[in-house]
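Peer 1: So that we are looking at the same thing, I have put the structure below in structure tokens.
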Amino acid sequence: MKKVFNLEVAGRTLSVEVGQFAQLANGAAMVRYGDTAILSTATMSKQPREGIDFFPLSVDYEERLYSVGKIPGGFIRREGKPTEKAVLTARVIDRQMRPRFPKDLRNDVSIVNTVLSVDQDNSPEFASIIGTAVALCISDIPFNGPIAGVILGLVDGEVVINPNTEQRLKSEMYVTLSADMEKIIMIEAGANQVTEEVMLDAIKKGHDEIKRIISFIDDIVKEVGKPKAEYERCVVPDEIWNKVYEIAWEDMKAAMMSDDKTIRDLNVDTVCNAVQEKLAETFPEQKQEIADALYKLQKKVVRTLILDEGKRIDGRGMMEIRPLYSDVALLPRTHGSGLFQRGQTQVLTNVTLGPMGDVQTLDGVDIEETKRYMHHYNFPAYSVGEARPTRGPGRREIGHGALAERALEPVIPSEQEFPYAIRLVSEVLMSNGSTSQGSVCASTLALMDAGVPIKAPVAGISCGLVVDEDNPERFVTFMDIQGIEDFFGDMDFKVAGTKNGITAIQVDIKVDGLSYEIIRQAFEITRKGRIQILDECMLPTISEPRDHLSPFAPKIFQTKIDVDKIREVIGPGGKVINKIIAETGVKIDIEEDGMVYVATPDEEAGHKAIAIIEGIAGNVEPGQVYIGHVTRLMQFGAFVEFLP
């Protein structure tokens, strides 16, 4: 039976419909916000997946172009692989929901959000977050809810909940926030150098609104929710865990104490192999359970050292950054390059500058149709010492590239200041924690090396967390997490920014949520860390953008012509513009507003092309001097061509 529940959120009606759509799913909800409509579904397999040590959750955000009245482009005229925006939205929803599932659940859970109708003033991302939370909470899938989320903006110094299109254009930040009644679960943010104090205040105000939505979801669950299903718990048997702990605790602790990832991995493998041999007869055919116990033991070593002894396995202090190194201008033919290394994390970023005709064309449900600044991130297997074939970018690569892109976007010069398309590619050469923030640092170096006049240098770093499982009020935060601290810790709180403020945030957690005090400490730690990286490593390498471009970068010349003259410059069938290109060897892009961009490595050719275009678009007047060539002599005079 169809039931409809309504709540006012940010002056608009949030409507949740259950009982009519997708009735075979474990849970389903149709969420409407304005004219935006999202169908959210959640399903779970009957049995756990065998032979895995993780929770197999998949989250999809499926954009349908009919939702905005578009027919897909391309030959087949149907939606293909997810857009970058769809992948990023799915990752945001995943990070909110994953920490709230039982740690010992191994059944496959699939969450699908289908975008059916989009009203640009009402975010489909917000509707999907609410729809996912409702679908999980009313289903029989084990889930520690309810939770909810909102979008935050900052317009004229005021925090705005779920900003509309006009407000988003003026907003100083775009924050996706989720929480339960007591704690913050996820933060994903892009901001224009917003201070930590302003950001924390916005989070608190957003949390107040989230509490209202959670009460609303609670009422829905009370009316239509199903009892939660029992499931087969995948835990390490006590007898195996106790035996592994007894014979391997001291050896494992000694094996893990190293600042070199390769040496530590070899030492740990030696201990694990020895334990497997010792326990093979005592626990036959339980090799996987012994391996799970050894993994649990490694986790306990890392967490106990941090919580009880104030130590880290590589010997660093809690607020100590690994050794730093940076360099620029490593590759002579690229337009700019930067290398950044923090411990055993190493990233090389290269910049390519192109004419405005090289901007990326987008085909999605958003109003954005082109993208001038692009950032791509590659994570090859050799960066972690593995031997496997390279495939195309996965969700992780897309997500990390987007995070670095978001971090630098506020400092990228405008099209008027710097009329170039800009592509950055970050190559991860070594990975031992926080490669996304390494990409931010390497990209800043590369942009300055390329001569891009960025507004301020940006750096990024992450903050870790370990919470006492028996006493959640006891916790330790620390700076610059390495890979093993990410795996076995409770939080990866990544913040990028300038000396003036935050430009990007991404938070991953493994606990139920974060208190305001943990967030405050994380902001303070990452602020000190990024300033230290800028002052001690990056700025001594290159203090400001170069005052010239690479000789291999195209030079852009620009002019503006009357819109009515565009067709004269192009000519019938492109005859005129093609003649200019053939004569000068330049690339020409003409915008709808009459802006003309001429790209060429040859400065003389660029000036010549601009002169021709301005001549065509201008008015020929007596007294002006033109250079041309005589095409024909006649008895009464001559024909002279001085404009195409």
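Computed from the coordinates by the stated procedures, all read-outs in this text should not be read as laboratory data. Nothing here was measured: the structure is a model prediction, and the numbers come from that model. Cβ placement follows ideal geometry from the backbone for every residue including glycine, while neighbour counts extend to all protein chains displayed.
Peer 1: Scan segment 191-274 for trypsin sites (Lys or Arg not before Pro) in coil per DSSP, keeping those whose Cβ has at most 15 other Cβ atoms within 10 Å, and list them by number.
Peer 2: Numbers: sites: LYS204, LYS205, LYS211, ARG212, LYS222, LYS228, ARG233, LYS243, LYS253, LYS261, ARG264; in loops: LYS228, ARG233.
In loop regions of segment 191-274 (DSSP not H, G, I, E or B), the sparsely surrounded trypsin sites (Lys or Arg not before Pro) are LYS228, ARG233.
Peer 1: Taking the alpha-carbon set of segment 440-513, what are its Rg and Dmax in Å?
Peer 2: 15.7, 53
Peer 1: Magnitude of the Cβ-charge dipole of segment 324-541, K/R +1 and D/E -1, about the Cα centre, nearest 20 debye? Provide the component values of the computation, followed by the final result.
Peer 2: Values: 19 positive and 29 negative charges, 118 e Å.
Computed about the Cα centre, the dipole is about 560 debye.
Peer 1: Next question, about the same structure. I'm checking a number: the convex hull volume of the Cα atoms of segment 109-181, normalised per residue, in Å³. What is it?
Peer 2: Expressed per residue, the convex hull around the Cα atoms of segment 109-181 is 91 Å³.
Peer 1: ³J(HN,Hα) across segment 102-117 via Karplus (A = 6.51, B = -1.76, C = 1.60, θ = phi - 60°), whole Hz, x for Gly/Pro?
Peer 2: x, 5, 9, 7, 10, 6, 5, 10, 10, 10, 10, 10, 9, 7, 9, 8
Peer 1: Continuing with this model, one more query. Per residue of segment 573-578, what does 6.51 cos²θ - 1.76 cosθ + 1.60 with θ = phi - 60° give for ³J(HN,Hα)? Whole Hz please, x for Gly and Pro, Karplus curve as stated.
Peer 2: Working through the residues one at a time gives x, x, 4, 5, 5, 5 Hz.
Peer 1: Which log10 I(q)/I(0) values does segment 324-541 give at q = 0.11, 0.13, 0.18 Å⁻¹ under the Debye formula, counting every alpha carbon as one identical point scatterer?
Peer 2: Summing over Cα pairs of segment 324-541 leads to -0.54, -0.75, -1.31.
Peer 1: Which angle from 0 to 90°, rounded to the nearest 10, does the C-alpha axis of helix 238-256 make with the longest principal axis of the chain?
Peer 2: 50 degrees
Peer 1: Something else now. Could you check what % of the DSSP bridge pairs in the chain are antiparallel, to the nearest 5?
Peer 2: Numbers: 107 of 120 bridges.
Once the DSSP bridges in the chain are tallied, antiparallel ones form about 90 percent.
Peer 1: Considering the options ILE290, LEU266, TRP241, tell which one lies farthest towards the positive end of the dipole of segment 238-309, charges being +1 on Lys and Arg and -1 on Asp and Glu at the Cβ, about the Cα centre.
Peer 2: Toward the positive end, the furthest listed residue is LEU266.
Peer 1: What size of dipole, in debye to the nearest 20, comes out for segment 324-386 about its Cα centre when the only charges are +1 on Lys and Arg C-beta atoms and -1 on Asp and Glu C-beta atoms? Don't skip to the answer; put the middle values down first.
Peer 2: Details: 4 positive and 7 negative charges, 69 e Å.
Computed charge dipole of segment 324-386: roughly 340 debye.
Peer 1: Moving to a separate point now. Would you mind pulling out the separation of the Cα centroids of segment 331-358 and segment 492-568, in Å?
Peer 2: 15 Å
Peer 1: Sticking with this one: Enter the angle in degrees (range 0 to 90, nearest 10) between the Cα long axis of helix 287-304 and the first principal axis of the Cα atoms of the chain, meaning the one along which they spread out most.
Peer 2: With rounding to tens, the tilt is 80 degrees.
Peer 1: Test of the criteria: in segment 172-212, which GluC sites (Glu not before Pro) are in a DSSP loop and have at most 12 other Cβ atoms within 10 angstrom of their Cβ? List each step's numbers first, then the result.
Peer 2: Values: sites: GLU172, GLU182, GLU188, GLU196, GLU197, GLU209; in loops: GLU172, GLU182.
When the GluC sites (Glu not before Pro) of segment 172-212 are filtered for loop state and at most 12 Cβ neighbours within 10 Å, GLU182 remain.
Peer 1: So, R0 is 25 Å and r is the distance between the beta-carbons of GLU79 and LYS2; what FRET efficiency does that work out to, to 0.05?
Peer 2: 0.35
Peer 1: Another question, if that's okay. Could you order the peptides 537-546, 279-288 from most to least packed, using the average number of other C-beta atoms within 10 Å per residue? Each step should come with its number before you reach the end.
Peer 2: Working: 537-546: 16.4, 279-288: 12.5.
Ranking, from highest mean packing down: 537-546, 279-288.
Peer 1: Also, I was wondering about something else. Counting only C-alpha contacts under 8 Å and six or more residues apart, can you give the relative contact order of segment 238-309 as a whole percent?
Peer 2: Working: 43 pairs, mean separation 29.8, N = 72.
Once normalised by length, the contact order is 41 percent.
Peer 1: Sticking with this one: Would you pull out the residues with amide H under 5 Å of VAL9's amide H, same chain only if 5 or more places away, H placed 1.01 Å from N?
Peer 2: LEU14
Peer 1: Still on this structure, I have one more. If you project the alpha carbons of segment 1-136 onto their three principal axes, what span does each projection cover, largest first, in Å?
Peer 2: Sorted largest first, the three principal extents are 45, 41, 27 Å.
Peer 1: While we're looking at this one, here's another question. For ASP108, what residues show an amide H to amide H distance below 5 Å, using hydrogens built from the backbone and excluding near sequence neighbours?
Peer 2: SER45, ARG49
Peer 1: May I pose another question? Check each of the chymotrypsin sites (Phe, Trp or Tyr not before Pro) in segment 20-57 and keep only those in coil by DSSP with at most 13 other C-beta atoms within 10 angstrom; list them in order. Write out the running numbers ahead of the final one.
Peer 2: Values: sites: PHE21, TYR33, PHE54; in loops: PHE21, PHE54.
Here the chymotrypsin sites (Phe, Trp or Tyr not before Pro) that fit, given the DSSP loop and packing criteria, are PHE54.
Peer 1: Can I ask one more? Going toward the positive end of the dipole of the chain, with +1 on Lys and Arg Cβ and -1 on Asp and Glu Cβ, which of ALA459, PHE636, GLY615 do you reach last?
Peer 2: Ranked along the dipole, the leading option is PHE636.
Peer 1: Another one. State, as an integer percentage, the relative contact order of segment 324-541 based on alpha-carbon contacts under 8 Å between residues 6 or more apart.
Peer 2: Values: 465 pairs, mean separation 47.5, N = 218.
Here the relative contact order equals 22 percent.
Peer 1: Here is a follow-up. Cα centroids of segment 572-617 and segment 1-32: how far apart, whole angstrom?
Peer 2: A separation of 55 Å, based on Cα centres.
Peer 1: Next question. Taking a cut-off of 25 Å between Cα atoms, list the lysines near LYS228, but don't count ones fewer than 8 places away on the same chain.
Peer 2: LYS2, LYS3, LYS46, LYS103, LYS183, LYS211, LYS510
Peer 1: Rank by packing, highest mean first: peptides 438-449, 321-332, 520-531, with packing defined as the count of other Cβ atoms within 10 Å averaged across residues.
Peer 2: Numbers: 438-449: 30.4, 321-332: 15.4, 520-531: 19.8.
Top to bottom by mean Cβ count within 10 Å: 438-449, 520-531, 321-332.
Peer 1: Pop out the ³J(HN,Hα) list for segment 493-506 in order, Karplus 6.51 cos²θ - 1.76 cosθ + 1.60 with θ = phi - 60°, rounded to Hz; leave Gly and Pro as x.
Peer 2: 9, 9, 9, 10, x, 9, 5, 8, x, 7, 10, 7, 9, 9
Peer 1: With each pseudo-label sitting 7 Å past Cα toward Cβ, what's the LEU330-GLN288 distance in nm, one decimal?
Peer 2: It is 4.1 nm.
Peer 1: Please give the charge dipole size of segment 238-309, origin at the Cα centre, charges +1 on K and R Cβ atoms and -1 on D and E Cβ atoms. Round to the nearest 20 debye.
Peer 2: Details: 10 positive and 16 negative charges, 41 e Å.
About 200 debye.
Peer 1: If you wrap segment 353-405's Cα atoms in a convex hull and average its projection over all directions, what's the area in nm²?
Peer 2: Working: hull surface 20.5 nm².
Taking the Cα atoms of segment 353-405, their convex hull projects to 5.1 nm² on average.
Peer 1: Projected onto the charge dipole of segment 3-224 (+1 at Lys/Arg Cβ, -1 at Asp/Glu Cβ, origin at the Cα centre), which of SER215, GLN96, VAL160 gives the Cα projection farthest towards the positive end?
Peer 2: Going by the charge dipole, the pick is GLN96.
Peer 1: Run the Debye formula on the Cα coordinates of segment 219-332, all scatterers equal and no solvent, and tell me log10 I(q)/I(0) at q = 0.12, 0.16, 0.17, 0.18 1/Å.
Peer 2: -0.62, -0.81, -0.86, -0.93
Peer 1: Hey, another quick one. Can you tell me the mean projection area, over all orientations, of the convex hull of segment 555-641's alpha carbons? Units nm², please.
Peer 2: Values: hull surface 26.4 nm².
That works out to 6.6 nm², a quarter of the Cα hull's surface.
Peer 1: Here is a follow-up. Per residue, how big is the convex hull around the C-alpha atoms of segment 429-472? Give it to me in cubic angstrom, could you?
Peer 2: On the way: hull volume 3.2 nm³, N = 44.
So the per-residue hull volume is 73 Å³.
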